[in-house]
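S.K.: Quick one: this structure, given as structure tokens, is what I'll be asking you about.
The values are calculated or read from the model by the stated rules, or taken from the named source; none is laboratory data. Just so it is clear, the structure is predicted and the values come from calculations on it, not from any experiment. When we count neighbours, we look across all protein chains shown, and the Cβ atoms used for this are built from the backbone with ideal geometry, even at glycine.
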Amino acid sequence: MTGTTHSSDTLKAPLVDPSAWRGADLRDRTDWIVTLTATEIAEIEAALAETRDRRADLFALTKDDFALPTLSAKLEGLLPVLEGGRGFALLRGLPVERYSEEDARTIFWGLAQHVGIPERQDGAGNLMHDVRDTGKSFADSDTLRDYQTDAAINFHNDGADIFMLCCLQAGASGGESLLVSAVEVFNEAMRRRPDLAEVLQQACWHMDTRGQRRDGVKVQVMPIYTYWNGQLTPNYKNSLMYAAQRFPEVPPFTEKQREAIALLDEICGDPDVALSFVMEPGDIQIASNYATFHARTKYRDGGDPDRKRHLLRIWLTIPNGRPLPPNFEGTREFGATYARRMTPNGGQT
């Protein structure tokens, strides 16, 4: 029923790392916002027109099929920021209101090709997800995931090296985006409660896979933070850890585990630690799943069915991605990236 666990080192002091930042220090800065120029938008639209002329299949498009003569270098220049740097950026200025939904999907896919290799996000192998409300709640289904609701989403990380989110339409209210440095959250936990920082690194955390693993495994067991190869690499899914408690085979949380989760939530919710911002239509959030945790406040859609909050999401393996710990092999979120980077022939037979 459970995934494989592996041992790792235990970090016993705060980690000095470029990705350890606090929201209070970034709030009044704009260097994390990358604004598209008129020339770059023209390149995007020229590439879009080329795909229309060839009637190319969306998911067959490669970087070479979506040529961006100058913007490509800017996107590739974000890679050392995503891995080895701050861990995130916000791309702003895409005039998404000009495009049909089909064209917006093509543009988003084309841009992503210049950052990394898209990975499947579910058991069905989908490479792009629609982040919007389905009218259901997380408790309605054993397979429904948070992004398919309008509820607030707790801090967590996604799958593969990075995630990209493109805002097509904002809701009527709410839906604020929040980011924290996963390393700084750990460091703060270490400062406050070193005993709980140790618990966060133990392979005792059961996470509901929501029926998305192709091998049928229902629950993964691994640390929230794995310290390996000199880096902290996290896998944190608050709601999925609680959801796993429904399985009789899963042991109930210990008191220390409950304290550790509560401490993480407290630190992530600290306004000095978290960076909050509102994604506008056309904004593209790009962030590392190892350097950051992200969250969302509850949102409300308006009455017009054509103007409901709608984002697109892609998970990517990037060319400069870090070595992954052995316990990430075969996981629902990171297995494809692990196979691509950490196994002979990129996991291909």
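S.K.: Please indicate, with yes or no, whether at least one residue in region 247-266 is over 20 Å from I33 (Cβ atoms) and within 18 Å of the chain's Cα centre (by Cα).
M.R.: Yes, region 247-266 has at least one match.
S.K.: Something else now. For a quick check of your reading of the model, give me the residue pairs whose first member lies in region 315-337 and is within 16 Å of W228 (Cβ to Cβ), whose second is among the hydrophobic types (A, V, I, L, M, F, W, C) and part of a loop (DSSP other than H, G, I, E, B), with beta-carbon atoms closer than 6 Å and at least 6 apart or on different chains.
M.R.: From region 315-337, the pairs are F328/F334; T337/A160.
S.K.: If you don't mind, another one. Looking at region 154-197, which of its residues are out of contact with any Leu (no Cβ under 9 Å at 6 or more places or on another chain) and closer than 20 Å to Q220 by Cα?
M.R.: Within region 154-197, N154, N157, D158, G159 qualify.
S.K.: Right, another one. So in region 274-333, with the set limited to residues that are small (G, A, S) and at pLDDT 95 or above, which one is farthest from G93 (Cα to Cα)? Spell out how you get there, then give the answer.
M.R.: Of all residues in region 274-333, those small (G, A, S) come to 274, 276, 282, 287-288, 291, 295, 302-303, 321, 330.
Going one step further and asking which of them are at pLDDT 95 or above, we end up with 274, 276, 282, 287-288, 291, 295, 321.
Working: A274: 24, S276: 19, G282: 6, A287: 18, S288: 21, A291: 25, A295: 23, G321: 27 Å.
If we take residues in region 274-333 being small (G, A, S) and at pLDDT 95 or above, then G321 is farthest from G93 (Cα to Cα).
S.K.: Here's another thing I want to ask about it. Answer yes or no: is there a residue in region 47-55 that is of a type outside the set (G, A, S) and touching a Lys or Arg at 6+ places or on another chain (Cβ under 9 Å).
M.R.: No, region 47-55 contains no residue that is of a type outside the set (G, A, S) and touching a Lys or Arg at 6+ places or on another chain (Cβ under 9 Å).
S.K.: Can you tell which of R332, R307, R340 is buried (at least 21 other Cβ atoms within 10 Å of the Cβ) and either closer than 21 Å to R27 by Cα or of a type in the set (K, R) (or both)? If you could, list the steps in order and put the result at the bottom.
M.R.: Working: R307 fails: buried (at least 21 other Cβ atoms within 10 Å of the Cβ); R340 fails: buried (at least 21 other Cβ atoms within 10 Å of the Cβ).
Among R332, R307, R340, only R332 is buried (at least 21 other Cβ atoms within 10 Å of the Cβ) and either closer than 21 Å to R27 by Cα or of a type in the set (K, R) (or both).
S.K.: Okay, moving on. Can you tell me which residue among T343, T233 is in contact (Cβ under 8 Å) with a residue 60 or more places away in the chain and not charged (D, E, K, R)?
M.R.: Exactly one of T343, T233 is in contact (Cβ under 8 Å) with a residue 60 or more places away in the chain and not charged (D, E, K, R), namely T233.
S.K.: Now for a different question. What residue, among those in region 169-183 that are surrounded by fewer than 24 Cβ atoms within 10 Å (Cβ to Cβ) and not polar (S, T, N, Q), is farthest from the chain's Cα centre (by Cα)?
M.R.: Residue satisfying both the conditions and the ranking: A172.
S.K.: Which is of a type outside the set (S, T, N, Q), in contact (Cβ under 8 Å) with a residue 24 or more places away in the chain and surrounded by fewer than 17 Cβ atoms within 10 Å (Cβ to Cβ), of D215, D208?
M.R.: Only one candidate qualifies: D215.
S.K.: Given (1) among the charged types (D, E, K, R); (2) at pLDDT 95 or above; (3) touching a Ser or Thr at 6+ places or on another chain (Cβ under 8 Å); (4) surrounded by fewer than 23 Cβ atoms within 10 Å (Cβ to Cβ), identify the lone condition not met by D161.
M.R.: (4)
S.K.: When you look at R54, is it surrounded by fewer than 19 Cβ atoms within 10 Å (Cβ to Cβ) and either at pLDDT below 95 or among the aromatic types (F, W, Y) (or both), yes or no?
M.R.: yes
S.K.: Output the number of residues of region 257-284 satisfying the condition of being buried (at least 16 other Cβ atoms within 10 Å of the Cβ), touching a residue at least 24 places away in the same chain (Cβ under 8 Å) and either out of contact with any Cys (no Cβ under 9 Å at 6 or more places or on another chain) or among the β-branched types (V, I, T) (or both).
M.R.: Residues meeting the conditions: 9.
S.K.: Under 7 Å between Cβ atoms, which residue pairs at least 6 apart in sequence (or on different chains) link something in region 38-57 that is of a type in the set (V, I, T) with a partner that is surrounded by fewer than 12 Cβ atoms within 10 Å (Cβ to Cβ)?
M.R.: Between residues of region 38-57 that are of a type in the set (V, I, T) and residues that are surrounded by fewer than 12 Cβ atoms within 10 Å (Cβ to Cβ), the close pairs are T39/T70.
S.K.: Then there is this: With the condition kept exactly as written, say whether any residue in region 172-182 is at pLDDT below 95, touching a helix residue (DSSP H, G or I) at 6+ places or on another chain (Cβ under 9 Å) and not hydroxyl-bearing (S, T, Y).
M.R.: The answer is no; no qualifying residue exists.
S.K.: Have a look at F88, F66 and point out the one that is surrounded by 19 or more Cβ atoms within 10 Å (Cβ to Cβ) and more than 15 Å from I286 (Cα to Cα).
M.R.: The unique qualifying residue is F66.
S.K.: Against the definition (closer than 30 Å to D17 by Cβ, out of contact with any Phe, Trp or Tyr (no Cβ under 8 Å at 6 or more places or on another chain) and touching a residue at least 24 places away in the same chain (Cβ under 8 Å)), how does L71 come out, yes or no? If you could, list the steps in order and put the result at the bottom.
M.R.: Details: closer than 30 Å to D17 by Cβ: yes; out of contact with any Phe, Trp or Tyr (no Cβ under 8 Å at 6 or more places or on another chain): yes; touching a residue at least 24 places away in the same chain (Cβ under 8 Å): yes.
Yes: the conditions hold for L71.
S.K.: Let me ask another. Please go through region 285-295 and give me each residue that is buried (at least 23 other Cβ atoms within 10 Å of the Cβ) and small (G, A, S), ordered by number.
M.R.: Selection gives A287, S288, A291.
S.K.: Of the residues that sit in region 26-51 and are farther than 15 Å from I107 by Cβ and aliphatic (A, V, I, L, M), which one is surrounded by the fewest Cβ atoms within 10 Å (Cβ to Cβ)?
M.R.: A38
S.K.: Given the condition under 24 Å from R296 (Cβ atoms), assigned to a loop (DSSP other than H, G, I, E, B) and at pLDDT 95 or above, answer yes or no: does some residue in region 128-136 qualify?
M.R.: yes
S.K.: When both residues are 6+ apart or on different chains and their Cβ atoms are under 6 Å apart, which pairs have a first residue that lies in region 100-123 and is without any contact (Cβ under 8 Å) to a residue 12 or more places away in the chain, and a second that is crowded, with 22+ Cβ neighbours inside 10 Å and in a helix (DSSP H, G or I)?
M.R.: Listed by first residue and then by second, the contacts come to nothing, as the list is empty.
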